[in-house]
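*Asks:* Shown below is the structure under consideration.
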Amino acid sequence: MGNLFPIHLTIDSIRQQMLSALKGKKRFPLVLMLEPLYTCNLACIGCATERHTGKLEHRSPLQKCFEAVDQSGAPIVSICGGEPTIYPELRELIEGIIARKRHIYLCTNALLLDTKVYGRIPPHKRLTINVHLDGMRKTHDLVCDRAGVFDKAIAMIKEGKRRGYHVTTNTTVFKDTNIKEIEEVCQTVASLGVDGMLVAPGYHYESVDRDVFLTRQEIHNKFKRVLELSKRYRLSSTPMYLEFAAGLRNYQCSPWSTVTFTPLGKHFFETWDEFWNGMDWDYWESRQDSLCQNCLMHSGFEASALLELKKRPRDILRMAAWNFLG
């Protein structure tokens, strides 16, 4: 089946870890969550309100986005939002990030791919189209609060693969998520030839007042089933992270491994130095904050799993087999 991640992405991530270790850095970003805007064309039930109510004129200018990419040094840039295909300067943004030799995940609901991406932004080895898909037709349209979103997403996945794009999917698991349906999603998108599937527990945004999120024990219960699915489908999460989500391992959080830039700044700080040097990383790594109690997000713990590999040689072999053998 080939390796799960493009070889240059794997090499760049390893290089980042090695260079940081040589420089004596304990903490370093691996992923930049770049949110150039809060404007969205959907208002999904599990999304923070600020991510679908923002005005387009309040978007971040290109130069600010590039500064965030340069300052973070992260080898992976996840362009999200809001809905990034609405961003008027998207082509220039992608071209600029590729020129900086970063790998891009364009996280999208797929509604505008045919008019804003396909035919305008060519396929590239450093560009991955990451389509959000939270269930089959009835469930996904319910989560998105609009009919027809599932069908459009499936059509755009097919079209993306036909045009030669690297395409993955991203599925969020909520309290009422039926794992049997997640298996059906995996079967469906696998039949379309997607290059990977991310299945992850949702993050509990404070501004979401609906009881849709999982407790830690509920995550463990559901992800024991997801762990079984990973033996049959190309899930993008590492085996170690999935075992952690299933309650079979324990890791400290690595909150610094995934940093965020929004129209309001770096994690709402004005400058990179203020954010990076002013954050109490020891506190957030400890998971003692009330916001952390039910959080098992891959963005906080995938890096922890990778950094722990050196302590468990057997896991290194498992990782190699998972990435290169499928």
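Nothing in this text is a laboratory measurement; each read-out follows from the coordinates by a stated rule. Predicted model, so just to flag it, every value in this text is computed and none were measured. Positions of Cβ are backbone-derived with ideal geometry, glycine not excepted, and every protein chain shown enters the neighbour counts.
*Asks:* Given an 8 Å cut-off on Cα distances and at least 6 residues of separation, report the relative contact order of the chain as a percent.
*Replies:* Normalised by residue count, the contact order of the chain is 19 percent.
*Asks:* In nm, what is the difference between 0.36 nm times the number of residues separating ALA99 and ASP289 and their Cα-Cα distance?
*Replies:* Taking ALA99 through ASP289 to full extension adds about 64.5 nm, to one decimal.
*Asks:* In nanometres, what is the gap between the two model label sites at LYS231 and LYS26, each 7 Å from Cα along Cα-to-Cβ?
*Replies:* The modelled label-to-label distance comes out at 3.9 nm.
*Asks:* Same structure, new question: What is the dipole size for the chain, taken about its Cα centre, with +1 at each Lys and Arg Cβ and -1 at each Asp and Glu Cβ, in debye to the nearest 20?
*Replies:* Taking the Cα centre of the chain as origin, the dipole is about 1300 debye.
*Asks:* For every helix of n ≥ 4 consecutive DSSP H residues, a contribution of -39,500 (n - 2.57) applies; sum these over the chain, divide by its total residues, and give [θ] at 222 nm rounded to the nearest 500 deg cm²/dmol.
*Replies:* My calculation for the chain gives -12000 deg cm²/dmol from helical runs alone.
*Asks:* Nearest-5 percent of antiparallel DSSP beta bridges in the chain?
*Replies:* 10 percent
*Asks:* How long are the three semi-axes of the equivalent ellipsoid of the stretch 238-326, in whole Å, if each is the root of 5 times an eigenvalue of the C-alpha gyration tensor, listed from largest down?
*Replies:* 28, 15, 12
*Asks:* Return, in residue-number order, each cysteine of the chain whose C-beta is not under 4.7 Å from any other cysteine's C-beta.
*Replies:* Isolated Cys, the chain: CYS40, CYS65, CYS144, CYS186, CYS253, CYS292, CYS295.
*Asks:* Which is farthest toward the positive dipole end of the chain among GLY135, ILE182, VAL194, measuring Cα position about the Cα centre, with Cβ charges +1 (Lys, Arg) and -1 (Asp, Glu)?
*Replies:* The Cα lying farthest towards the positive end belongs to VAL194.
*Asks:* Assuming 0.36 nm per residue, please report the length gained on full extension of the stretch ALA190 to ALA147 beyond their Cα-Cα distance.
*Replies:* Stretched fully, the ALA190-ALA147 segment lengthens by 13.2 nm.
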